[in-house]
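Everything on this sheet refers to the single structure shown next.
The values are calculated or read from the model by the stated rules, or taken from the named source; none is laboratory data. None of the values given here were measured: they were computed from a predicted structure. Please note: Cβ atoms are built from the backbone with ideal geometry, for glycine as well, and neighbour counts cover all protein chains shown.
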């Protein structure tokens, strides 16, 4: 008995298709957009509490809402217990955070009044993560918490 | 002589009563109360930043704070630009005194590293700023001893 090439291909394809259909596709990371701004020219974030699910792909937009003062601001997310140390370490560098700082989860660039900047990161394990502005002297007042919840 | 003295006393009394009354009237009719309130709060915020930089011994940052103080002062000038000339002049005069006092702290920080001496000079600057705040209605005056609104003063978030 001679099988045609077409039949042979069909015989091979059927179990492969059945196997492929049975496999679960890896879940795609959920995309979450967060918005935060400085409270005008005041040293505070608005809002100062944010929430996102763990594992989500977070796109955070930060707007410098100031009108009068030339102070620059940014948004820096760090691991719990690291805010004060990171804040202190960047003091001598005009508040610029090193990209390879393992204590830092995400940060936006420094920006001037009226400017909007963005950063993207994957939300870490559930927990409360502090964020702050790393301009020298700002972190003490200008800070908040990102609540990462179970997805 | 006695009559002259009593006339003078009456005039002094009238002046004593009318001056604050005129001032209160001008204050009650501020053209841009929200902008004035914001500017006054900014002056307090920057004054507190001065204090923080001094106590943290970040003396090189103090001139930067002074620059911000002048920007907050500009915000106040701008917010009172449409006020009656007499009131505006009084604000300008006291604002100039406050800015001068903070400049003194800034200049001093270039050479002086004694925190107590700098804080004493800063206290004088706060007094000058309080004299400025006295020109505005009580409900508009920020408390110079309190940090700005927002998270300020509540310290660090869960660190």
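Descriptive notes on the structure:
Rundown of residues vs (1) touching a residue at least 60 places away in the same chain (Cβ under 8 Å); (2) closer than 22 Å to residue A:67 by Cβ; (3) more than 9 Å from chain B (Cβ to nearest Cβ), yes/no style:
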{"residue": "A:95", "(1), (2), (3)": "no, yes, yes"}
{"residue": "A:100", "(1), (2), (3)": "no, no, yes"}
{"residue": "A:106", "(1), (2), (3)": "no, no, yes"}
{"residue": "A:116", "(1), (2), (3)": "no, yes, yes"}
{"residue": "A:123", "(1), (2), (3)": "yes, no, yes"}
{"residue": "A:135", "(1), (2), (3)": "yes, yes, yes"}
{"residue": "A:147", "(1), (2), (3)": "yes, no, yes"}
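- Among residues of the range B:71-92 that are within 14 Å of another protein chain (Cβ to nearest Cβ), those with a beta-carbon under 7 Å from a residue that is in a loop (DSSP other than H, G, I, E, B) and surrounded by fewer than 18 Cβ atoms within 10 Å (Cβ to Cβ) at least six positions away or on a different chain give the pairs B:71/A:70; B:79/B:32.
- Among the residues of the range A:36-55, the ones that are assigned to a loop (DSSP other than H, G, I, E, B), within 18 Å of residue A:144 (Cβ to Cβ) and touching a residue at least 12 places away in the same chain (Cβ under 8 Å) come to 7 in all.
- Of the numbered criteria (1) within 13 Å of another protein chain (Cβ to nearest Cβ); (2) surrounded by 15 or more Cβ atoms within 10 Å (Cβ to Cβ); (3) modelled with pLDDT under 95, the one residue A:89 fails is (1).
- Those residues of the range A:56-74 which are closer than 16 Å to residue A:132 by Cα, touching a residue at least 60 places away in the same chain (Cβ under 8 Å), outside any strand (DSSP E or B) and out of contact with any helix residue (DSSP H, G or I) (no Cβ under 9 Å at 6 or more places or on another chain), in sequence order: A:72, A:74
- Checking each residue in the range A:38-54 for being crowded, with 18+ Cβ neighbours inside 10 Å and farther than 15 Å from residue A:141 by Cβ picks out A:50, A:52.
- Test result for residue A:81, over 14 Å from the mean Cα position of the chain (by Cα), under 30 Å from residue B:76 (Cα atoms) and either in a loop (DSSP other than H, G, I, E, B) or at pLDDT below 95 (or both): no
- Residue list for the range B:39-70, restricted to those being in contact with a helix residue (DSSP H, G or I) (Cβ under 8 Å, 6 or more places away or on another chain) and either facing another protein chain (nearest Cβ under 7 Å) or not in a helix (DSSP H, G or I) (or both): B:42, B:45, B:49, B:53, B:57, B:58, B:61, B:68
- Complete set of residues in the range A:97-125 that are outside any strand (DSSP E or B) and surrounded by 14 or more Cβ atoms within 10 Å (Cβ to Cβ): A:97, A:101, A:103, A:108, A:109, A:110, A:113, A:115, A:123, A:124
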